[in-house]
Structure formats: structure tokens, C-alpha cells
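What follows is a short report on a single structure.
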Amino acid sequence: MQFALQFGHGMMKHSRVLVREWGGGSVILSPRDLSAEQMVKLSADITDLGGFALLDPQLYVPDCDHARLTAHSFWPQIPEYWRDPAELARVMGELVRLNSDVGTSQFIAPAPLISAITEDLLQAANASVEELARLGVRGDKVLATVALASDAVRNEDHAELLSDAIESWDVAGIYLVAEHPSSEYLVTDPMWLARILDIVAGARLTGKQVVIGYCTHQMLIAAAAGANTIASGTWMNVRSFPPKKFAERDEEEISRRATWYYAPHLLSEYKKGYLDIARNHSKLSALQTPAPLDGRFAAVLFSGAQPTTVDFGESDAFRHYLHCLWQQTATARQNTFRETVQQHEQLLNAAEATLRDLHKLYIVGQGRDFLDSLDANRAALALLTSTRGPILEREWSSL
Amino acid sequence: MAAAHALAPALLAAQIPALSNITFVTGGGQKFVYRADHATHGPVALKVFSDFADPQRTQREIEAVKSIACAHVPTIYETGVITGGPKPYLWLVEEWLAGDTLRSRLDAGGAQSDAVIHLVARDVLFVLSEAEKRRIVHRDVKPENIFLATNNSKCWLLDFGIARHLDLTTITAAGAGLGPLSPGYAPPEQIQNYKDKLDCRADLFALGVTLYECLMGVNPYTDGTVDPGERMRRTLARDLPRPTREIDAGGQFGDLVHTMSWRRPSLRPRTAAKAYEWLRSIGP
């Protein structure tokens with residue numbers, strides 16, 4: 001599985017550093033955070049470093065009054081732009097120009113947020129795709145946006161409607177973004193996760209690519225469904241899809257600026273104070289990034305000094321998180337479906353053993369502790385295995 | 001002539017001069033089967049269907065089905081329409097098959113042997129994959145339409161191109177707006193009359209349910225009820241459980257049957273060809 005950087009506030013330098021570090025990689029650019037000129041410049045830098053750019057048009061809430069979004073030339077003048085041929089042509093024409101200027105490797109076609117899956121709202125995605133074709137953008141270069149509110153994800157009643165629509169679109173794949181239930185950072189709702197896996201697997205089995213945007217490390221599970229790429233970033237608003245952040249006028253970007261250390265083998269993040277506690281219990285090594293993962297961006301935390309006294313700030317934390325996730329993503333998919341599932345289960349089981357041990361000493365990740373999400377991942381995997389496992393096993397090598 | 005009763009052999013002989021020695025074999029409702037001798041083809045089966053909307057369209061479809069030309073579909077020699085009565089009757093003359101239906105085997109003996117199950121799966125999936133190449137959907141796969149040779153050497157899938165034109169009066173008044181289907185074997189998309197969603201996967205569902213019944217001796221959708229409405233409700237409400245009987249070492253046959261019988265079409269094998277390929281890959 002591939003990893004992409006989901007651009008957000010303050011990510012210019014991180015993007016350049018990490019793409020250089022990785023010898024390549026992709027960055028999904030954000031109109032919410034970048035002007036057109038900035039996107040062109042950043043994309044050129046990324047390309048020079050061996051990477052490539054995608055552009056998320058972020059037309060999730062077309063009638064928003066978000067100043068930075070509405071300043072873009074492609075932003076619709078009317079909310080339901082897909083119903084007005086002239087406005088649709090204008091919006092898509094501007095996006096074609098911008099994608100061309102940026103030099104994107106694939107074209108993410110816009111679509112509004114779907115709060116309940118209906119043929120009408122799915123038609124919005126198709127309208128964009130058809131207009132792109134009219135403008136000469138080949139379907140095999142296009143990813144159709146599927147943006148789902150949390151209730152739309154969970155609801156099984158329209159699962160076939162969604163899968164039929166995805167199959168019918170003349171596109172290379174989908175760009176899936178999904179709102180977490182109850183604004184949770186790590187999802188504890190097994191049905192939400194199971195439905196995400198089902199959507200991904202269904203699309204993959206029809207030959208479509210799947211790029212999942214706005215992910216946390218919890219989406220490593222998507223490898224079992226055959227996802228091609230997951231994307232994540234620095235702040236929470238690029239690690240989970242926040243529809244409100246695309247609607248609000250000049251929202252306060254970052255309200256709390258704690259520094260979190262990601263323990264990749266535990267799928268959990270910790271404030272430095274808890275690393276201090278762990279050190280005092282001689283448990284700090286249990287949180288250290290294990291070989292063969294490269295944890296160099298956070299190595300200073302395990303140098304022997306008290307973690308809260310060392311120079312490990314949010315920049316290091318972000319790079320450590322993304323570098324670890326890049327490595328974990330690369331090995332998330334195994335040679336067979338069964339092996340992929342088993343590997344994820346082993347990751348969960350090993351994480352659980354250590355997490356329970358740490359919890360006894362109140363060394364916890366608070367809102368970023370994976371203990372409460374373990375069973376959701378397990379349940380989602382079990383359902384995927386039951387419903388699609390035999391076919392995924394058979395067709396794995398072609399996915 | 002009342003639609004509920006078989007047509008008299010003498011009347012049939014008058015309408016179809018190539019046939020002689022016409023004797024009633026079985027039938028009721030919309031379909032009657034006779035044995036006859038054909039001047040050219042020897043022993044044949046004469047099937048007469050009543051209560052269908054468009055005999056000309058049905059005949060055209062039968063011609064399309066003849067193009068399947070597969071060893072597991074009875075060869076259709078001739079077709080025609082009997083007119084002159086209160087309703088038209090479609091007839092077709094096809095090769096005479098020696099054996100019995102899977103329905104009669106299930107009624108007599110419950111769960112079937114491994115050999116019969118393999119035979120039915122292999123031959124019917126082959127037919128469905130051949131039909132799929134010609135974009136033909138059977139729409140009425142069920143034990144009544146699967147015929148096994150007496151010596152279990154092969155089986156046939158019967159009555160292609162017929163079901164979609166039958167006005168099945170077994171459907172309750174509440175379901176009268178539905179297309180033709182056999183409750184207990186028809187998939188949800190057929191029950192819900194999603195005509196443009198019907199493809200080979202509908203036949204895979206019906207075959208999956210049939211094979212489940214062969215494995216376990218019971219069809220949960222029909223067990224204990226003859227009410228078509230109840231059968232349809234059960235089909236819409238729940239998936240079949242995975243069969244607990246295994247007939248291959250790796251449990252793959254059970255996986256295949258389970259996968260074919262998911263209520264959601266997108267969870268089933270995408271094509272009959274893929275299902276057939278899966279079956280062929282299953283070892284002992």
C-alpha cells in the first residue's frame with residue numbers, strides 16, 4: 001500500500017523534507033491551505049524531489065463561506081453547480097487549468113459531501129466526471145471523489161447503490177473521504193470501519209483504484225481491503241475528514257498545540273508527560289519505535305534524558321508520525337489476503353498486550369490511545385473476511 | 001380450455017402434426033410436460049406454457065437461447081403457439097431426457113450426495129457461464145428446473161427464456177406488481193423488481209440457494225412455509241448461513257456456495273465465468 005501526504009496547515013517544509021527523505025512520494029494539495037500560486041510552486045518542488053502531486057478540490061460544502069476556499073477561481077458561484085451546465089463547465093474548466101498548472105499525476109474530480117446516499121447526490125460526482133471527459137480529461141486519469149458523512153458510511157441500506165455508482169463511473173478510481181462518527185479521532189464504531197472496508201474492497205474488485213484521504217494510522221487496516229493509498233498529515237484536521245472545517249469562515253486552525261509521540265507498534269500517541277511516567281517505571285523502552293521501523297525523528301526521546309526536557313517539538317512529532325506511517329503502510333499489504341489480515345491481527349494483539357500493561361500504570365494515550373479501538377478493527381476485519389474474504393483471497397494478486 | 005388444466009393430447013396432435021403418441025407426463029399451473037414421438041427426432045418432450053404476455057417475444061428469446069447450444073441445455077427442436085382458445089399457449093419440442101428433477105430427488109431423499117452436488121454445481125455453472133457470454137439470464141434457477149440423468153452422468157438446466165414471460169399466479173396479490181420469479185430462490189433484486197439490475201448474479205444467487213439445499217437438506221427461505229410472501233420476506237431479511245457441511249478438504253465449496261448466495265449482488269462472484277473458474281479450482 002502507498003502513503004500520501006495530506007497537505008494541511010504548516011506542511012510545506014514537512015512535505016519537502018519527507019519527500020526528499022523517501023526519495024519520492026505523493027502530496028495531496030489543499031486549496032483550503034494554499035493559493036493556486038503556492039500549489040504550483042510546491043508541486044514543482046515535490047516533482048524535483050522525485051514526488052508527485054494530487055489536488056483535492058475540497059468542494060465538499062460548495063455553499064460555504066470559507067474565505068480561502070472561495071477565493072479560488074474554480075470555486076462555484078452557485079451551490080449545486082453540477083445542475084447548471086454553464087457553471088459546471090466553468091468550475092471544471094478552472095480545475096482542469098489548475099491541475100495542468102500544478103502538473104498533477106491524476107485528477108481528483110470534485111463532489112459534494114453526501115449526508116445520505118441517494119442517486120441524486122451520486123449524480124453530482126458523475127456530472128463532474130462527464131464534464132471532465134467533455135473537456136478532454138481521460139477517465140483513466142480521474143479519481144472520483146466520494147465524500148461521506150458518518151451516517152452515510154454506516155448505513156448499509158444503500159450499499160449497493162453506492163457500489164453500483166462507483167462501478168459505473170468511467171474513472172480510474174475513487175478518492176474516498178469519510179467523516180468519523182462522533183468526531184472521534186480513533187474510531188470505536190466497528191460498523192463504520194467495516195463499511196469503509198466494504199466500500200474499498202468493492203471498488204477494488206471492480207478494478208477501481210482507491211485513495212483514502214484524511215486518515216489516521218487506524219487506516220492501515222485498509223490494506224486488507226486492497227486500498228491503493230492512504231493519506232495523512234500533521235494536524236488532526238488532516239487525519240480525519242472534518243466537514244465543518246470546509247464550511248466555517250476562517251476557522252481557528254489549531255486550538256490545542258500539544259506534542260504527541262506516536263508509538264507505531266502500539267498504534268497510540270502519547271504526550272511527553274506520560275513518557276516521563278513510563279521512564280520512571282522503567283517502561284520507556286516499551287514505547288520506543290521498534291526495529292525494523294526507523295524512528296530517528298523521535299530518537300532523542302529515548303536518549304536517556306527525561307523526555308519532557310529534550311528538544312522534541314511538534315515538528316519532530318509530525319515528521320516522526322508521518323515517517324513511521326509511511327513505513328507501516330509500505331508493509332501493510334502482504335502476498336495474500338489471509339497473510340495481510342493475519343499481520344494486522346498480530347499488530348493488534350501485540351499492541352493490546354503492551355497497552356494493557358501500560359494502562360495498569362496509567363501510562364495512557366488519552367484520546368489517542370488505541371485500546372478502545374482494537375475491537376472495532378478486529379470486528380471490521382472479521383466481517384470483511386466473512387463477506388469478501390474468499391473472493392479477495394482468490395483475486396488478491398490482481399488487485 | 002381452462003388454463004389450469006393440461007391440454008388434451010388429441011388437440012395437441014392436431015396442432016403439432018409432427019408429433020404422435022402424445023402422453024401427459026407432469027405439470028400444473030403454467031407448465032405441462034408431455035412425452036411424444038417426433039417424426040424426425042424420435043422421443044421428445046413437448047412442453048406447453050400458459051399465461052404469458054407476449055408469445056412472439058418469448059419465441060424470439062427461445063431462438064436466442066438455442067444459440068447457447070450447450071450439452072447441458074436440452075436441445076429445442078421447434079416452437080410454436082397454439083391459438084384458438086381463450087388464451088394462447090406457447091409450446092416447444094425439445095430432446096427427451098431420461099432421469100428426474102433435482103426437486104424430486106430432494107423431496108425423496110433430502111440432502112444429496114457429494115457426487116450429485118458436484119455434478120449440479122459443475123454442469124449448471126457451466127451453462128450459466130455460456131449463457132452469460134450471450135447476455136442471457138435464466139431468472140428461474142431452482143431444483144424444479146435442474147434435471148439429472150438417471151445414472152447421474154450429467155444434468156441439464158431447463159426452461160431458459162421462459163420464466164421471464166410467465167405470469168406466475170402463485171405470487172400473492174401484494175406481490176402482483178413483481179416480475180415473474182420463484183420465491184425462495186429468487187434474489188432480492190428480482191423480488192424488488194430492479195429489472196435493470198438483473199444480471200447473471202441473480203442466477204448465481206438462485207443456484208447458491210439450490211446448492212445450499214442440496215448440502216443441508218433444507219432451504220431456510222422455504223422451510224416450513226408455502227406462502228410466497230413469507231418466502232420473499234425471509235429472502236429480503238437475512239442472508240443464508242454458511243453451510244456447515246464440507247465436501248472438500250479446504251472448505252472452498254462451502255465458501256463458494258455462501259458467496260453466491262449473498263443478498264447483495266456486489267458480494268457475489270462478479271460473473272458466472274468467475275464462479276465456474278472458482279469451482280474448477282476446488283480440489284477434492
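Coordinate-derived values only; no laboratory data. Just so we're clear, the structure is a prediction, and the values are computed from it rather than from any experiment. Note that each Cβ is placed from the backbone with ideal geometry, even for glycine, and that neighbours are counted across all protein chains shown.
Data overview
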read-out: Inverse of mean 1/r across different Cα pairs in segment B:1-82, Kirkwood, Å; value: 13.6
read-out: Choice from B:HIS41, B:HIS118, B:HIS72 showing the highest fluctuation, given a GNM over chain B with Cα pairs closer than 10 Å; value: B:HIS41
read-out: Cα Rg, Dmax, segment A:181-250, angstrom units; value: 12.8, 40
read-out: Efficiency of FRET between B:LYS87 and B:ARG280 - r from beta-carbon atoms, R0 45 angstrom, step 0.05; value: 0.50
read-out: Cut-off of 10 Å, at most 13 other beta carbons, DSSP loop: longest stretch of chain A lacking such trypsin sites (Lys or Arg not before Pro); value: A:258-399
read-out: Whole-number Å³ per residue for the convex hull built on Cα positions in segment A:270-330; value: 75
read-out: Relative contact order, percent, segment B:9-95 [alpha-carbon distance under 8 Å, six or more residues apart]; value: 24
read-out: Under the Karplus curve 6.51 cos²θ - 1.76 cosθ + 1.60, θ = phi - 60°, whole-Hz ³J(HN,Hα) for segment A:78-85, x wherever Gly or Pro sits; value: 10, x, 9, 4, 6, 8, 10, x
read-out: Cleavage-rule hits, trypsin sites (Lys or Arg not before Pro), segment B:204-248, DSSP coil, Cβ neighbours within 10 Å at most 16; value: B:ARG238, B:ARG245
read-out: Alpha-carbon spread of segment A:1-86, three principal axes, descending order, Å; value: 44, 26, 18
read-out: Two-decimal Rg to Rh for chain B - Kirkwood Rh, Cα set; value: 0.96
read-out: Per residue, the convex hull volume that the Cα atoms of segment A:261-388 enclose (Å³); value: 103
read-out: Solution diffusion estimate, µm²/s, Stokes-Einstein, the protein assembly as shown, Kirkwood Rh from C-alpha pairs, 37 °C, viscosity 0.692 mPa s; value: 116
read-out: Cα centroid of segment A:324-373 to Cα centroid of segment B:239-271, whole Å; value: 31
read-out: Cα-projected label distance for B:THR244 with B:ALA14, points at 7 Å along beta-carbon direction, nm; value: 5.9
read-out: 3J(HN,Hα) from dihedral phi, segment A:100-115, Karplus parametrisation 6.51/-1.76/1.60, rounded to Hz, x for glycine, proline; value: 5, 4, 6, x, 5, 7, 9, 10, 8, 7, x, 7, x, 4, 9, 8
read-out: Relative exposure of B:SER104, B:SER20, B:SER266, judged by other C-beta atoms within 10 Å (fewest first); value: B:SER20, B:SER104, B:SER266
read-out: Hull volume in cubic angstrom per residue (convex hull over the Cα atoms of chain A); value: 125
read-out: Under 14 Å, Cβ to Cβ, from A:ALA351 - net charge with Lys/Arg +1 and Asp/Glu -1; value: -4
read-out: Two-site FRET efficiency, B:ASP37 against B:ALA71, from Cβ-Cβ distance with R₀ of 30 Å, rounded to 0.05; value: 0.85
